[in-house]
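Reviewing the structure listed below.
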Amino acid sequence: MNKYLAPLWQYRGFIVASVVREFQLKHRSSILGSVWSILNPLSMIVIYTVIFSQIMKAKLPGVESIYGYSVYLCAGIIFWGLFAEMMARFQTLFLDNGNILKKLNFPRLTLPIIIILSSLLNVSIILGIFFIFLLFTGQFPTSSILAVMPVLLVQLIFTVGLGMSLSILNVFFRDIGQFFTIIVQFWFWLTPIVYPIKILPDAIQKILLTWNPIAPLMSAYQTIFVYATMPKWDSLLIPLLAGLLLCIFGLSLYLKHSADIVDEL
Amino acid sequence: MALIDVSNITKSYKVYPSPWARFKEWFLPNANVEHKIKCVIKGVSFTVGEGESVGIIGLNGAGKSTLLKMITGTTKPTAGSIKLAGKVVALLELGMGFHPDFTGRQNIFMAGQLLGMTQKQLEQWMPEIEAFAEIGDYIDQPVRVYSSGMQMRLAFSLATIKRPAILIIDEALSVGDAYFQHKSFERIRQFREKGTTLLIVSHDKAAIQTLCDRAILLDDGIVAMEGAPEHVMDFYNAMIAEHENETVTFNKTDSGKTQTVSGTGEVTIHKAQLLNQSGEIIELADVGQKVRLSIDINVEENINELVLGYVIKDRLGLPVYGTNTHHLKQTLQGLTKSERIHYEFDFDLNLGEGNYSIAIAAHTSDTHLDKNYQWQDLAYVFNVININKQPFVGVTWLPPTMRCRRG
């Protein structure tokens with residue numbers, strides 16, 4: 001284990017610098033710079049709030065607040081966005097870095113860590129704006145907010161497991177990347193993010209919560225933010241197990257094929 | 001003590017007929033094995049001691065770059081082991097990790113950390129890196145406004161800021177302008193004097209002979225020969241002569257130049273070779289050596305007149321010497337289709353050290369401008385080195401007889 005972790009610690013400077021550089025790169029040559037990082041999520045929140053709570057007067061069953069649906073949407077979309085962003089980047093992890101992987105010898109594990117950290121940085125900015133919105137509208141779920149941490153941890157385990165497996169497979173079978181891009185679109189609508197899960201028939205609810213590991217995660221976030229209550233912890237068991245299995249699968253793929261990855265790039 | 005210990009390594013790739021075949025083999029338990037094993041390194045062993053400098057030569061595809069990648073650790077050998085005692089710096093890909101939108105200074109920190117240096121070390125070394133690169137105020141400009149030479153200067157300064165135990169140098173090491181090239185070679189020489197082990201990979205025989213204590217010839221994935229650079233070079237020349245056809249292609253692709261063949265095609269230049277006195281094809285010649293330029297011509301259509309000319313050009317493409325059969329008073333008349341003509345030009349190769357090419361033209365009258373049957377640039381490429389003459393500079397060998405009087 002130390003064989004993998006010690007070089008990572010040695011390369012911590014590189015990891016941090018890469019995350020900072022990515023953030024800066026996004027806003028190079030723009031006048032407002034990192035303000036755009038704030039404006040984008042802000043506009044998303046404003047649009048959902050105006051359209052759903054003001055114009056369409058959409059209400060969630062069992063929620064009094066006019067902002068209920070907007071909070072529901074934002075909670076889902078923010079964390080789905082994190083999942084989708086990380087997956088998109090993981091898929092092409094080796095392909096994007098082919099050049100340096102082929103020519104420089106450095107700890108490969110730095111690359112997924114850079115993805116995780118820089119995605120977390122992005123999502124934390126969006127969450128910051130979301131929290132301010134919640135505070136202003138008096139919706140801030142003070143009693144349940146800390147529950148986000150374990151749910152996020154499970155989501156990260158699942159994403160990293162799936163992402164690493166796909167990133168390795170995508171080196172050898174480029175179809176995987178194409179295929180998964182389509183899958184993600186279906187996956188989004190097969191997850192109760194835009195619609196409440198309650199509108200589905202009971203049987204389908206059960207199928208989704210059992211076979212779609214992202215569904216219980218999203219539902220947990222929605223419970224935390226909309227209802228300000230603790231999520232059902234046992235519902236996280238499936239995504240956690242799925243995540244751990246995928247991590248093991250990804251790791252075994254990596255151990256078996258890591259030598260061939262560079263040759264294939 | 002061996003700083004580089006390469007012990008019986010092999011490298012093979014699985015070549016699948018299709019991605020589908022790989023998929024089946026990976027995921028279907030009873031699938032037939034459809035892949036073929038392609039072996040590029042077949043059991044190579046050698047050691048390089050402390051302070052030694054070793055050159056690795058070989059044709060394209062001999063496995064040099066694969067070997068190098070395994071030594072630097074970007075790819076792993078299929079079998080065998082490589083032990084390295086000490087820090088390796090590879091001058092293979094200078095400027096890796098540079099991003100055009102960031103300044104030179106920012107890129108130094110980024111690329112330096114990718115090379116395993118720490119922020120603190122880089123801060124400390126920064127003035128030294130800046131001073132060596134000599135790019136002035138450009139250090140705080142985005143790298144995209146740099147000339148390629150400036151980028152190389154900065155990258156070289158960064159990579160070589162501290163003397164490594166092992167330095168791996170790629171053949172394509174040409175860092176910026178002549179002044180900086182000199183400066184960078186000076187630094188490499190200093191490293192060597194202080195005990196850095198050098199591993200140089202090159203096609204350039206002159207470089208190997210001047211820099212290395214020992215040479216290893218790699219051919220088709222095995223060590224074909226190991227020993228004193230001169231001996232290995234002789235063997236290499238002989239080996240090239242054996243498969244001559246490959247020689248020509250090899251030279252052209254390697255120099256990165258493209259050959260120009262033009263003309264109306266009534267006459268084609270079949271073969272052009274430089275031979276030594278025993279009639280062997282040579283690529284490496286000594287200053288003043290007696291050589292023969294042998295050219296074979298095919299006549300494709302009936303023509304009235306044929307003049308053959310050649311020009312020897314230096315590495316910059318400047319003509320050093322050229323003549324033709326018109327000036328040599330041997331113009332041929334009345335040629336018939338499918339006739340073959342063999343020309344031989346004997347001369348002393350009174351050229352200075354360097355890389356030269358020969359362009360050949362078949363035409364009428366005194367220049368190829370009139371009626372050009374065929375013109376071939378880079379028809380032959382060769383190197384001249386100085387083995388036994390007094391050292392001199394320049395592209396020609398003009399030895400003086402000297403007198404001097406005092407008082």
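Here are some notes:
- Reported count of residues in the range A:65-112, each being in a helix (DSSP H, G or I) and within 14 Å of chain B (Cβ to nearest Cβ), is 10.
- Hey, B:Thr74 more than 10 Å from chain A (Cβ to nearest Cβ) and of a type in the set (Ser, Thr, Tyr) or not: no
Here is a yes/no grid of residues against (1) surrounded by fewer than 19 Cβ atoms within 10 Å (Cβ to Cβ); (2) of a type in the set (D, E, K, R); (3) within 14 Å of chain B (Cβ to nearest Cβ):
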position: A:Ile214; (1), (2), (3): no, no, no
position: A:Phe225; (1), (2), (3): no, no, no
position: A:Ile238; (1), (2), (3): no, no, no
position: A:Leu241; (1), (2), (3): yes, no, no
position: A:Leu246; (1), (2), (3): no, no, no
position: A:Leu251; (1), (2), (3): yes, no, no
position: A:His257; (1), (2), (3): yes, no, yes
position: A:Asp260; (1), (2), (3): yes, yes, yes
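- Inside the range B:318-354, residues that are more than 24 Å from B:Gly265 (Cβ to Cβ), exposed (fewer than 12 other Cβ atoms within 10 Å of the Cβ) and of a type outside the set (D, E, K, R) make up a count of 2.
- Among the candidates A:Phe133, A:Phe90, A:Phe106, the residue that is in contact with a Cys (Cβ under 8 Å, 6 or more places away or on another chain) and not basic (Lys, Arg) is uniquely A:Phe133.
- Looking only at the range B:4-47, residues that are of a type outside the set (D, E, K, R) and touching a residue at least 60 places away in the same chain (Cβ under 8 Å) come to 14 in all.
- Any hit, the range B:150-161, residues being among the basic types (Lys, Arg) and within 10 Å of chain A (Cβ to nearest Cβ): no
- Residue in the range A:29-49 that is within 14 Å of chain B (Cβ to nearest Cβ) and touching a Phe, Trp or Tyr at 6+ places or on another chain (Cβ under 9 Å) present: yes
- Of the strands (runs of 3 or more DSSP E) that lie entirely inside the range B:292-381, those containing 3 or more residues that are in contact (Cβ under 8 Å) with a residue 40 or more places away in the chain span B:303-313, B:340-348, B:354-363.
- Among the residues making up the range B:44-65, a single one is at pLDDT 85 or above, closer than 21 Å to B:Tyr236 by Cβ and either surrounded by fewer than 15 Cβ atoms within 10 Å (Cβ to Cβ) or within 13 Å of chain A (Cβ to nearest Cβ) (or both): B:Ser45.
The values are calculated or read from the model by the stated rules, or taken from the named source; none is laboratory data. A quick note: this is a predicted structure, and the numbers were derived from the prediction, not measured. Glycine also receives a Cβ, built like all others from the backbone with ideal geometry; neighbour counts cover every protein chain displayed.
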